[in-house]
């Protein structure tokens, strides 16, 4: 597989899944369902394998992808899911998985034919709705078999089959806790249910991608949209002047909006799941935009320019009789970006998107070598996963 196909954003993988569901080809979806020790990716990482021997996405740093293409062909021919385990901890140099691939862990991968049973996942993802995709890995009775699937929607607390009907045979009482937790966090994990002889399921939380709204149409906006799109943000570019063809100037944006600073509230849906970068380079436009973002409770409002410029903006707000509390101002980041030392447009854009990533993931930026414990947080699902259904 090519590096171009290997390194695509997660949102593009889901888009590819949607496109393949609408086509007539038989693809195979590979998903990491469990990791023991260290690995490049965590449970929930996906790779789409097509009939032509091409893979889209990655589940390791490249050491297993070609092997998975081979297994995918077998799954495609048999039409049944397979659960395969790769032990990358073996130090035997005669073992292909022990040749310094860098993972040093045991990875369990579910490979399954891509069918209509996965469509509710992509529909929820692109509609901005959190969902937990629950897939049977192993069952102790004939009631379930590997690959059976249901969907848990935390906003309604409901469990449905892929066709939309109620999943009455599934243990909703036992699944609600872990499925709701994983759906909201976008994490994934394997859960053992003491139900009907015992059922092991993989719960894959798909949280809707966060939206990054970039206010401004200057040439320095394009690198920000490029990096943001590759980091799985849904990118909206907002322009306040109608003379610029926003779609052609910002091809990486998911959408573009032309409005006025005074109409931001009416034309955009800003809120706690929106992140904003304000870089119009116009003081009044920036001021009105910042006010709209703070009023909407946007958790990250990055403002281009030096600290003194924002202090002047606060004074202008005060002159207009508008003041902000410390809690509101805590969401303002100016000067924008992390201190990475770069000064070129792409280096600045890199520092901006890195800061938004840190805020959206609830992290304080620092060197990984200074981080105690594993790089990726281990997910512990709720204890009610072990409780029999009532």
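For the stretch 289-306, how many residues meet the condition of being assigned to a loop (DSSP other than H, G, I, E, B), surrounded by 17 or more Cβ atoms within 10 Å (Cβ to Cβ) and more than 25 Å from the chain's Cα centre (by Cα)?
So the answer is 2.
Go through the residues of the stretch 163-182 one by one and say whether even a single one is surrounded by 20 or more Cβ atoms within 10 Å (Cβ to Cβ), under 30 Å from residue 303 (Cβ atoms), in contact with a helix residue (DSSP H, G or I) (Cβ under 9 Å, 6 or more places away or on another chain) and in contact (Cβ under 8 Å) with a residue 24 or more places away in the chain.
no
So which helices (runs of 4 or more DSSP H) are wholly in the stretch 218-272 and hold at least 1 residues that are in contact (Cβ under 8 Å) with a residue 12 or more places away in the chain and either under 24 Å from residue 10 (Cβ atoms) or within 23 Å of the chain's Cα centre (by Cα) (or both)?
221-230
Looking at this structure, is residue 246 within 11 Å of residue 214 (Cβ to Cβ) and modelled with pLDDT under 95?
The answer is yes for residue 246.
Working carefully through the options 180, 189, 184, find the one that is in a strand (DSSP E or B) and within 18 Å of the chain's Cα centre (by Cα).
The unique qualifying residue is 189.
Could you tell me whether the stretch 229-238 includes any residue that is more than 24 Å from residue 16 (Cα to Cα), modelled with pLDDT of 95 or more and either outside the structural domain of residue 352 (by TED's automatic domain parsing) or touching a strand residue (DSSP E or B) at 6+ places or on another chain (Cβ under 9 Å) (or both)?
Taking every residue of the stretch 229-238 in turn, at least one turns out to be more than 24 Å from residue 16 (Cα to Cα), modelled with pLDDT of 95 or more and either outside the structural domain of residue 352 (by TED's automatic domain parsing) or touching a strand residue (DSSP E or B) at 6+ places or on another chain (Cβ under 9 Å) (or both).
Looking at 220, 252, 267 in this structure, which one is surrounded by fewer than 21 Cβ atoms within 10 Å (Cβ to Cβ), in contact with a strand residue (DSSP E or B) (Cβ under 8 Å, 6 or more places away or on another chain) and within 21 Å of residue 344 (Cβ to Cβ)?
Just a single option satisfies the conditions, and that option is 252.
For the stretch 199-215, which positions are assigned to a loop (DSSP other than H, G, I, E, B) and touching a strand residue (DSSP E or B) at 6+ places or on another chain (Cβ under 7 Å)?
Within the stretch 199-215, 209, 210 meet the criteria.
Please specify each residue of the stretch 87-113 satisfying the condition of being modelled with pLDDT of 85 or more and either in contact with a helix residue (DSSP H, G or I) (Cβ under 6 Å, 6 or more places away or on another chain) or farther than 17 Å from residue 32 by Cα (or both).
111 - this is the single residue of the stretch 87-113 that is modelled with pLDDT of 85 or more and either in contact with a helix residue (DSSP H, G or I) (Cβ under 6 Å, 6 or more places away or on another chain) or farther than 17 Å from residue 32 by Cα (or both).
Restricting the search to the stretch 17-49, which residues are closer than 27 Å to residue 106 by Cβ and out of contact with any strand residue (DSSP E or B) (no Cβ under 7 Å at 6 or more places or on another chain)?
If the condition is that a residue be closer than 27 Å to residue 106 by Cβ and out of contact with any strand residue (DSSP E or B) (no Cβ under 7 Å at 6 or more places or on another chain), then 40 is the only one that fits.
Looking only at the stretch 197-215, count every residue that is modelled with pLDDT of 95 or more and farther than 23 Å from residue 136 by Cα and tell me the total.
Number satisfying all stated conditions: 4.
May I ask you to verify whether residue 196 is outside any strand (DSSP E or B), more than 18 Å from the chain's Cα centre (by Cα) and either in the same structural domain as residue 152 (by TED's automatic domain parsing) or surrounded by fewer than 22 Cβ atoms within 10 Å (Cβ to Cβ) (or both)?
yes
The values are calculated or read from the model by the stated rules, or taken from the named source; none is laboratory data. Since we're looking at a predicted model, the values are computed, not measured. Heads up, the Cβs are rebuilt from the backbone with ideal geometry, glycines too, and the neighbour counts pull from every protein chain shown.
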